[in-house]
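Notes to accompany the following structure.
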Amino acid sequence: MSQKTLAESSRSGAPATERGEASPRRWWILAVIAVAQLMVVLDATIVNIALPSAQSDLGFSDGSRQWIVTAYALAFASLLLLGGRIADLFGRKPAFLVGVVGFALASALGGAANGFTMLVVARALQGAFGALLAPAALSLLNTTFTDARERARAFSVYGAIAGAGGAVGLLLGGVLTDALDWRWTLYVNVAIAVVAFAGGWILLGSHRDAADAKLDVPGTVLVASGLFSLVYGFSNAESHDWGSPLTWGFLIAGGLLLTAFVWWQTRAAHPLLPLRILLDRDRAASFLAVLITGAGMFGVFLFLTYYLQLNLGFSPTKTGVAFLPMVGALMVAAQLGTTVLVPRLGPKAVIPLGFAIATAGMAWLTGIGVGSHYASAVLPQLVVIGVGLGLVMPPAMQLATGGVAAEDAGVASATVNAMQQVGGSIGTALLNTLAASAATDYLASRDATSELVRAQATIESYTTAFWWSAVLFGAGAVIAFLLYRRGVPKQDANAAPVVHM
């Protein structure tokens, strides 16, 4: 390796030199990545809690309300793989910084929105720049930490943010909406972005691990349109029904486009998603674990938020605080799972265990009633769910991105984010539909004019969603147990440093 290459590697913020030494700035880099990731994850829920206020202020209809959420999800999910490949091709630092600045500007635009259209456009732009930022941040984490123990600790922090960010978003959204105005749920990203940009500018350096490759344009078009169709189809299932052509038509189109994408990747000279990333058994199991977790977590955040506010009378701020015990449990379990349990027992034991604990917690949560109390009917269950998710999410993210070649780090990271986003879309459509059907069925044979009956119908819809979330987590336990290899993965036990030749 030449002295010039070594110098470039050092300037790039790369975690290893020719001697396999870790970057002395790696923990500061982790802090910057964590701040940026928190900004992206927060926006999945922080705006939701402010929607009633935004709707009242801007005067849009109930039917239009879902697009404030869907616009972000569509842009984010459909452009993730492109964003990951751009980070590989043009450098992770430029991708990271452009993503941060673009996300901040889009957030400012949304905060200043004078109507529904302007707010939807801003949310779509947030999703687009988030699709560039998220994979760049995760791939930076993967290439910065090369020591197995340190990488596990770093991924426990990152995974905890990814898993708990939704609950933190509910808390922050509630505080900002109550204390200031709904617009500050968007403006707050500008302040967060200033910190992330300054840290990224100082600490990160440019290095293009896939500089000799070219962008796979046909693959980009196929996967972007396929993911768009899939997420759009599931979103329509929530606002229409499963029998609508806008639902099944887009779901079929999405499936066909993604099938065509996989076929094209076997023939492309410079594939957008090299299939070698998907063919590793542990990595494939980790992608599925992230997908299932994204789908099942929706039942915790959305329906429990409704229950706390509408049934127990919690304010938006108090609702956010109510989720904090789950966040704490998740972060503790994340550290335990990634740094102690997986390195000793392997994912085949730990991740199914986490899913099983989350399943038990969700099943326990179905005991809520009209007159239940938070301390007895919600709090213990949230702690159990947090422990379970903490044993699943961070280890799965670590295994999904660990062991990939440096030139594939961005696209592997994008795939993880895409799985989480698509999983959330599936959970949104599936659980909302099942919950609505449960409430309708309950009212069908009862006096729908009774306030008590209507309240109980609402509880039926929540508990149905919780039961199905438990089924999803239970399926995750079985799938993870069957797919993960026995023993400790080599990439965790013998993580090789990333050396730029």
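The values are calculated or read from the model by the stated rules, or taken from the named source; none is laboratory data. Just so you know, these numbers come straight off a predicted model, no measurement behind them. As a convention, Cβ positions derive from the backbone with ideal geometry for all residues, glycine included, and neighbour counts pool all protein chains shown. Only protein heavy atoms, including side chains, enter the accessible area calculation; ligands, DNA and RNA are left aside. Shrake-Rupley method; radii C 1.70, N 1.55, O 1.52, S 1.80 Å.
For the reader, a short list of remarks on this structure follows.
- Net charge of the neighbourhood of ASN311, taken over other residues with C-beta under 14 Å away and scored Lys/Arg +1, Asp/Glu -1, is 0.
- Paramagnetic reach from VAL471 (point 7 Å along Cα→Cβ, amide N under 18 Å) across region 215-245: 237-238, 242-243
- To put it simply, the accessible area of region 364-475 at a 1.4 Å probe is 63 percent carbon and sulfur.
- Proportion of all alpha-carbon pairs of region 253-409 beyond 21 Å (%): 55
- Region 69-140: Rg to Rh, with Rh as the Kirkwood radius over Cα pairs: 1.02
- Most tightly packed first, judged by the mean number of other beta-carbon atoms within 10 Å of their residues, the peptides 34-41, 176-183 read 34-41, 176-183.
- Charge tally in the Cβ shell below 12 Å around PHE129, where Lys, Arg are +1 and Asp, Glu are -1, PHE129 excluded: 0
- Solvent-accessible surface of region 213-285, taken per residue with a 1.4 Å probe and all protein chains present: 49 Å².
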